[in-house]
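First up is the structure itself, then whatever we jot down about it.
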Amino acid sequence: MRKFKNWVLGGIQQKVFNLVLYAIILMMLAYTAVIVWQSSQLRDLVARTNAQQKEAITDTVERDMDERLTKSLGASTQMEAYIADDMFRDLSNSVTMMADYAQKLYANPNAYPLREVAPPDASTDGQTTVQLLTEAGVNTSDPAVASEVALVGNMGDLLSVLLDNTQIDSCYIALPNGVMVLADEHASTKFADDGSIMPIEMTHRPWYTGAVETGDIYYTDVTADVFTGNVGIMCAKPIYRDGELVAVVGADLLLNNMAQSVSESADGEDFVFIVNDKGHVVFSPKEKGVFKVEESSQAADLRQSRGALAGFVDKSLEEATGPTIVEGDGRIYYMCGAPIPTVGWAVVNAVSQQAMDAVTDKLRDEFDGVVDSATVEYNDNLSHSLTTIIALVILVMTLALSAALVVSKRIVRPLGLITNRVQSLGGDDLKFEMDDAYRTGDEVEVLAESFAKLSAKTLKYVDEVTRATAEKERIGVELNMATAIQASQLPRLFPAYPNRSEFDLYASMDPAKEVGGDFYDFFLVDDDHIALVMADVSGKGVPAALFMMVSRVLLKSRLQSGESPAEALASVNDQLCEGNDAEFFVTVWVAVVQISTGRGLAANAGHEHPVLCRADDVYTLVVYRHAPALGVMGGIPFREHSFQLKPGDSLFVYTDGVPEATNAEYELFGTDRMLEALNQQPDADPKEVLTNVRASVDVFVGDAEQFDDLTMLCFKYVGPEQGEQE
């Protein structure tokens, strides 16, 4: 490359200039030739195609309008129906949820506390409030009435949550004795002019009687709320116990927004209306004619109308319909309908045929005027344009060449600056910063910004690597400490009771992670009873370990207080279910053995079956039906199993980490291999038993990763006579 007066011959600057120059020359030549040729062609083309365009555009518009009507009107109708159905479905789901909870209340009333329900308080107006309402003459201080009110008062929290998190206006549960527990935000509407609380004959309301008659979910017609006067619909469901009606739950959904939306849908002759399952128009902007809203007792069933309207309405209640020509009130409409399945209603969109035809006629007239005017103007301007184009070509070429010189130099200069700066980076100087010289507004600036971002990311990465290394070391220290804390919570000194010769035991726990969810425990309840515990918490790591520690403390406390295994499991289960937002659960096998006799009681909450070895025999599984795990559901009973240990008998319990240990081929260790390992030395002491099982598991698993904790406990009963001889 050679330099001549700031011009680098053979460099990028010259290459850019040459490229621009060649492009401009070729473009101008091609443009001029095309313009001259097209000018002569366009004159003939314009005249020849005007008539064809008019006909084609008119036909296209008509077809397009039909297609758009089919697609957009049908899609719009189905979307409106879907939105409405979603709203009613939420109402149905809310009522079903209330019914399920009420069914549980009446199925097990002793499992719930007594909850007081206060009468309406006008000062709480505008707030979600649970209130007690009655029919005239009901005495709420009657013990039977008060007791039932206190039971259903447990639904107050659910009613408040549903009211705050759904679209319903109020929700309630009504009893056959004339008592209602209701949640809404309109406490002041429950008072008469004299300040007394108004009675409500809820057992005679349509939602109550309708639900009782149908025996299932029931929707009322559109009606005004008895308290607020707002337009809405009520949904209710009866609750039975042993075939007898005990309550009716229900909720109100205001339809003011739906009514307003339908009212605002009217646009000339186009409008939307909604038909209920009886064929009555329940919402419409029309104030007269067949589509007017009437009282239910006076409303006409559109399914009984004349002509296509009856069949169209009947079909719309069952499925989505395409545009259908329907006559109503002396006019022809294109109508699309879509069902609202939850309540059996239908949404209908109606577009006037007259309005559709008027659009096409207007378009045809306007097109004629535009074509005539454009033809005259085109011919005048074409001649003038040819002269102007020639002058512009000369001017553009002159300006383009000048601009090419300036642009090429401007492009090259910042590239050189960037190159020099990048080459200077190294050592501790890795920071590339944006400079005003790089801000060209094009790819050069993007390149400079990329270098700057890369430099910043490199520096940030170096800093993050430094911090991450320090954080990893800190986490490692904390996990080691958590492992030590967990290990310290479990009995780990063996022999555990060196002064007691009536039995021997040994236990171990190897977590899959730094900390695990399995745990074992054993302790003397008194001088003649020992408790044995084996448990497995769902999940792994620190959260499972915390849940494990809580479960262990609660279970030990209950057993030491004298409760039997089943009683202890029931108590701990109820405590774990309270506030168990993380939804942890724990499987537990627990037994209490009388040391002097060998008699024991055991209870199993979803845990693995224990293994028993009689003296001079082999280990075998003790299979029996067990209860659910702790923390799954509160208020459930647990079954106990009695057993008798004789001198020389051994009991082996474990977590699922033993039979579910997996090798590299994804095979499970299984209970059969576990029994084989136990029966290598069935008369071995407890420590040797656990050593044999762990060795067999390690050989089977090989180099495969351990996914679950391995926890085992072996208890060998020596007996008082043998213990005294020793």
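Conditions: (1) closer than 23 Å to Arg492 by Cα; (2) among the β-branched types (Val, Ile, Thr); (3) at pLDDT below 95. Val693 meets all but one. Number of the miss?
With (1) closer than 23 Å to Arg492 by Cα; (2) among the β-branched types (Val, Ile, Thr); (3) at pLDDT below 95 applied to Val693, the lone miss is (3).
Rundown of residues vs (1) over 19 Å from Gly344 (Cβ atoms); (2) at pLDDT below 85, yes/no style:
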| position | (1), (2) |
| --- | --- |
| Glu264 | yes, yes |
| Asn276 | no, no |
| Val281 | no, no |
| Pro285 | yes, no |
| Gln304 | no, no |
| Asp314 | no, no |
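Considering only residues of region 186-207 that are in contact with a Ser or Thr (Cβ under 7 Å, 6 or more places away or on another chain) and within 26 Å of Leu114 (Cβ to Cβ), which is surrounded by the most Cβ atoms within 10 Å (Cβ to Cβ)?
Result: Ala187.
Considering only residues that are among the hydrophobic types (A, V, I, L, M, F, W, C) and within 23 Å of Met509 (Cα to Cα), which ones fall in region 541-567?
Within region 541-567, Val542, Ala544, Ala545, Leu546, Phe547, Met548, Met549, Val550, Val553, Leu554, Leu555, Leu559 qualify.
Evaluate region 48-68: report whether one residue or more is farther than 30 Å from Ser316 by Cβ and at pLDDT 75 or above.
Within region 48-68 (the criterion being farther than 30 Å from Ser316 by Cβ and at pLDDT 75 or above), the answer is no, since none of the residues qualifies.
Among the numbered criteria (1) out of contact with any Phe, Trp or Tyr (no Cβ under 7 Å at 6 or more places or on another chain); (2) farther than 23 Å from Arg89 by Cα, which single criterion is violated by Asp225?
Going through (1) out of contact with any Phe, Trp or Tyr (no Cβ under 7 Å at 6 or more places or on another chain); (2) farther than 23 Å from Arg89 by Cα one by one, Asp225 breaks only (2).
What are the residues in region 309-326 that are over 42 Å from the mean Cα position of the chain (by Cα) and loosely packed, with under 15 Cβ neighbours inside 10 Å, if any?
Passing the criteria: only Ile325.
When residues of region 141-154 are filtered for being touching a residue at least 24 places away in the same chain (Cβ under 8 Å) and more than 20 Å from Ile239 (Cβ to Cβ), how many remain?
Number satisfying all stated conditions: 0.
Which residues, taken from region 237-266, are of a type in the set (Asp, Glu) and part of a strand (DSSP E or B)?
Glu244, Asp252
Take the residues in region 267-289 that are touching a Ser or Thr at 6+ places or on another chain (Cβ under 9 Å) and in a loop (DSSP other than H, G, I, E, B), then tell me which one is surrounded by the fewest Cβ atoms within 10 Å (Cβ to Cβ).
Gly268
Within region 306-350, track down each residue that is of a type in the set (D, E, K, R) and over 18 Å from Pro285 (Cβ atoms).
Within region 306-350, Arg306, Asp314, Lys315, Glu318, Glu319, Glu327 qualify.
May I ask you to list pairs of residues, at least six apart or on different chains, whose Cβ atoms are under 8 Å apart, with the first in region 21-32 being polar (S, T, N, Q) and the second being part of a helix (DSSP H, G or I)?
From residues that are polar (S, T, N, Q), the pairs are Thr32/Ile389; Thr32/Ile390; Thr32/Val393.
Tell me which residues, restricted to region 262-295, are among the aromatic types (Phe, Trp, Tyr), within 37 Å of the chain's Cα centre (by Cα) and within 28 Å of Tyr218 (Cα to Cα).
Phe273, Phe283
Before we move on, is Val699 assigned to a helix (DSSP H, G or I), of a type in the set (Val, Ile, Thr) and over 25 Å from Asp617 (Cβ atoms)?
Criteria met by Val699.
Within region 608-682, which strands (runs of 3 or more DSSP E) (wholly inside it) include 2 or more residues that are within 20 Å of Gln594 (Cβ to Cβ)?
611-613, 640-644, 650-654
I need the full set of residues from region 559-592 which are surrounded by fewer than 21 Cβ atoms within 10 Å (Cβ to Cβ), more than 34 Å from the chain's Cα centre (by Cα) and part of a helix (DSSP H, G or I), in order please.
Correct list: Gln560, Ala566, Glu567.
Can you pull out every residue in region 622-646 that is surrounded by fewer than 16 Cβ atoms within 10 Å (Cβ to Cβ), more than 40 Å from the chain's Cα centre (by Cα) and in contact (Cβ under 8 Å) with a residue 60 or more places away in the chain?
Lys646
Starting from residues that are without any contact (Cβ under 8 Å) to a residue 60 or more places away in the chain and among the small types (Gly, Ala, Ser), keep the ones in region 266-299 and report whichever is farthest from Ser170 (Cα to Cα).
Gly289
Can you name every residue in region 96-138 that is surrounded by 13 or more Cβ atoms within 10 Å (Cβ to Cβ) and without any contact (Cβ under 8 Å) to a residue 40 or more places away in the chain?
Within region 96-138, Asp100, Lys104 qualify.
Out of curiosity, is Met234 assigned to a helix (DSSP H, G or I), buried (at least 16 other Cβ atoms within 10 Å of the Cβ) and touching a strand residue (DSSP E or B) at 6+ places or on another chain (Cβ under 9 Å)?
no
Could you tell me which numbered condition Phe715 fails, if it satisfies all but one of (1) of a type in the set (A, V, I, L, M, F, W, C); (2) touching a residue at least 60 places away in the same chain (Cβ under 8 Å); (3) assigned to a loop (DSSP other than H, G, I, E, B)?
In the conditions (1) of a type in the set (A, V, I, L, M, F, W, C); (2) touching a residue at least 60 places away in the same chain (Cβ under 8 Å); (3) assigned to a loop (DSSP other than H, G, I, E, B), Phe715 misses (3) alone.
Could you check, for region 257-279, whether at least one of its residues is in contact with a Gly (Cβ under 8 Å, 6 or more places away or on another chain) and over 18 Å from Ser296 (Cβ atoms)?
Checking region 257-279: not a single residue is in contact with a Gly (Cβ under 8 Å, 6 or more places away or on another chain) and over 18 Å from Ser296 (Cβ atoms).
Can you tell me how many residues in region 252-266 are out of contact with any Asp or Glu (no Cβ under 8 Å at 6 or more places or on another chain), farther than 26 Å from Asp357 by Cβ and surrounded by 21 or more Cβ atoms within 10 Å (Cβ to Cβ)?
The qualifying residues number 2.
Kindly indicate which of Asp709, Asp703, Asp672 is at pLDDT 95 or above, under 47 Å from the mean Cα position of the chain (by Cα) and not polar (S, T, N, Q).
Being at pLDDT 95 or above, under 47 Å from the mean Cα position of the chain (by Cα) and not polar (S, T, N, Q) holds for just one of Asp709, Asp703, Asp672, which is Asp672.
Of the residues Thr440, Thr387, Thr458, which is modelled with pLDDT of 70 or more, among the β-branched types (Val, Ile, Thr) and in a loop (DSSP other than H, G, I, E, B)?
Answer to the selection: Thr440.
Anything in region 215-229 that is assigned to a loop (DSSP other than H, G, I, E, B) and surrounded by fewer than 16 Cβ atoms within 10 Å (Cβ to Cβ)? List them, or say none.
Gly215, Asp216, Val226, Gly229
Each row is one residue, and each column tells you yes or no for (1) at negative phi; (2) modelled with pLDDT of 90 or more; (3) within 30 Å of the chain's Cα centre (by Cα).
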{"position": "Gly516", "(1), (2), (3)": "yes, no, yes"}
{"position": "Phe519", "(1), (2), (3)": "yes, yes, no"}
{"position": "Phe523", "(1), (2), (3)": "yes, yes, no"}
{"position": "Asp527", "(1), (2), (3)": "yes, yes, no"}
{"position": "Val533", "(1), (2), (3)": "yes, yes, no"}
{"position": "Ser538", "(1), (2), (3)": "yes, no, yes"}
{"position": "Gly541", "(1), (2), (3)": "no, no, yes"}
{"position": "Ala545", "(1), (2), (3)": "yes, no, yes"}
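The values are calculated or read from the model by the stated rules, or taken from the named source; none is laboratory data. All figures in this text were calculated on a predicted structure; none of them were measured in a lab. For neighbour counting, all protein chains shown are included, and Cβ atoms are generated from backbone atoms with ideal geometry for every residue, glycine included.
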